[in-house]
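In what follows, a structure is listed as structure tokens, so that the remarks can point back to it.
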Amino acid sequence: PDDCDLGDVNCDGELNVLDVVLMVNMILEDEYDEIADVNEDGSLNVLDVVILVNLILDNIPNDTVTDIDGNVYETIQIGEQLWMAENLKVTHYNNGEEIPNITNNEDWVSLSTGAYGDYDNNPTNSETYGRLYNWYTVDDSRGLCMEGWHVPSDEEYTVLKDYLGGTSVAGGKMKEAGLEHWNYYSDEITEEATNESGFTGLPAGYRASYSGAYYDVGNLCSFWSSSEYNSSYAWYRLLTYSYSNVHRYYYHKLYGFSIRCLGD
């Protein structure tokens with residue numbers, strides 16, 4: 001019938017395993033139904049089954065994870081990795097002790113222990129973009145991510161980048177699509193920002209190690225890894241408004257960057 005969606009073979013308004021069974025039976029019996037012809041190529045075959053299964057999987061709601069403060073985060077499976085699909089907002093370590101919220105710039109640049117800041121010291125910004133943490137927070141034995149989760153290593157970010165097709169394209173697949181939050185540099189970069197992975201990278205900006213000032217909300221996002229470069233620097237990943245690359249650098253541990261947690 002004309003009012004059934006493609007793939008909804010039994011026309012019950014839902015895409016599920018029953019539609020897959022009916023489609024497979026049609027293929028085996030050499031029958032044709034345009035509703036089952038999901039790729040609309042005029043024939044029913046295994047490609048239609050694959051597309052239908054993917055459509056069904058895409059419609060399954062993402063699971064969520066909750067931090068010690070009660071913040072609830074969407075999660076997304078990317079390859080064999082389970083990622084948070086939002087930036088971390090937590091203000092306590094896993095043992096319940098507070099992570100210091102440092103609002104004074106001079107205090108920020110002299111730290112040697114964990115701390116966080118809200119962009120422009122405005123907690124409302126953190127509701128959208130998450131909080132900005134120095135690397136000492138990542139390295140604290142009290143634990144930053146929820147039980148069963150951890151701050152990803154440099155190597156684990158490389159696994160993500162490779163799965164998404166490599167350095168030159170992975171950033172576009174990790175960034176939120178559209179212009180609600182990102183100030184994309186050009187129409188081309190806007191089109192390349194597909195969020196194909198579901199990672200939904202947001203341009204949270206950063207807090208500088210040398211001044212304690214906040215910069216570049218809307219333009220870029222940096223994610224700490226758990227991997228040190230040396231006693232003063234650690235590895236991170238950068239998504240930016242002007243490229244579809246995902247950049248890998250090391251920066252001073254006093255920078256305030258975003259954090260994503262990865263399932264163990």
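Dipole magnitude for the chain: computed about the Cα centre from +1 point charges on Lys and Arg Cβ and -1 point charges on Asp and Glu Cβ, it is near 2160 debye. Between Ser227, Tyr255, Gly205, the Cα set farthest toward the positive side of the dipole of the stretch 131-255 (charges on each charged residue's Cβ, about the Cα centre) is that of Tyr255. Computing Rg and Dmax of the Cα atoms in Å directly from the structure and comparing it against [x] 19.7, 64; [y] 38.6, 121; [z] 22.0, 75 singles out [z]. Placing pseudo-labels 7 Å out from each Cα toward the beta carbon at Thr103 and Ser211 gives an inter-label distance of 2.1 nm. The alpha-carbon of Lys173 sits under 16 angstrom from the alpha-carbons of these lysines, leaving out residues fewer than 8 places away in its chain: Lys161. Taking 4.7 Å between C-beta atoms as the pairing limit, the chain has these partnerless cysteines: Cys221.
Mind checking which aspartates and glutamates have their Cα closer than 12 Å to the Cα of Lys175? Skip sequence neighbours fewer than 8 apart in that chain. Partners within reach: Glu86, Glu191, Glu192, Glu196. Hey, any idea what % of the chain's accessible area is carbon plus sulfur with a 1.4 Å probe? Heavy-atom surface of the chain belonging to carbon and sulfur, 1.4 Å probe: 47 percent.
When only alpha carbons are used to place a centre, the stretch 7-36 and the stretch 246-264 end up 46 Å from one another.
Can you tell me the 0 to 90 degree angle between the C-alpha axis of helix 154-163 and the longest principal axis of the chain, rounded to 10? Here the helix axis deviates by roughly 30 degrees. Shown here are the Rg and Dmax of the Cα trace of the stretch 56-137, at 15.2, 52 Å. For the chain, the relative contact order works out to 18 percent when only alpha carbon pairs closer than 8 Å and six or more residues apart are counted.
By how many nm would the segment from Thr167 to Leu28 grow when fully extended, if each residue of separation counts as 0.36 nm and the alpha-carbon distance is taken off? Length gained between Thr167 and Leu28: 45.8 nm. Using a cutoff of 8 angstrom between alpha carbon atoms and counting only pairs six or more residues apart, the relative contact order for the stretch 1-99 works out to 16 percent.
Got a sec? Charge dipole of the stretch 99-248, +1 on Cβ for Lys and Arg, -1 for Asp and Glu; which of Val159, Gly178, Ser242 is way out at the positive end? Looking along the dipole axis, the top candidate is Val159. Annotation for the stretch 108-124 versus the stretch 179-240: alpha-carbon center distance of 17 Å. Label-to-label distance, Ser242 versus Asn95, with points set 7 angstrom from Cα along the beta-carbon direction: 4.4 nm. Positive-end ranking of Asn121, Asn25, Leu44 along the dipole of the stretch 14-127, with charges on Cβ about the Cα centre, is headed by Asn121. Counting only alpha carbon atoms, the long axis of helix 46-58 and the longest principal axis of the chain meet at about 40°. Note on the chain: GNM, Cα springs under 10 Å; of Asn39, Asn219, Asn104, the largest mean-square fluctuation is that of Asn39. What does DSSP give for the stretch 32-129 in terms of the percent of beta bridges that are antiparallel, rounded to the nearest 5? Of the beta bridges lying entirely in the stretch 32-129, close to 90 percent run antiparallel. Accessible surface computed residue by residue for the stretch 22-166, with neighbouring protein chains in place and a 1.4 Å probe, gives 52 Å² per residue. Taking the square roots of 5 times each eigenvalue of the Cα gyration tensor of the stretch 15-168, largest first, gives ellipsoid semi-axes of 47, 16, 14 Å.
Among 28-36, 89-97, sorting by the average number of other beta carbon atoms lying within 10 angstrom of each residue, highest first, gives 89-97, 28-36.
The values are calculated or read from the model by the stated rules, or taken from the named source; none is laboratory data. None of these values were measured; they are calculated from a predicted model. Cβ: placed from backbone, ideal geometry, glycine included. Neighbour counts: every protein chain shown. Accessible surface areas use protein heavy atoms only, side chains included; no ligands, DNA or RNA. Shrake-Rupley method; radii C 1.70, N 1.55, O 1.52, S 1.80 Å.
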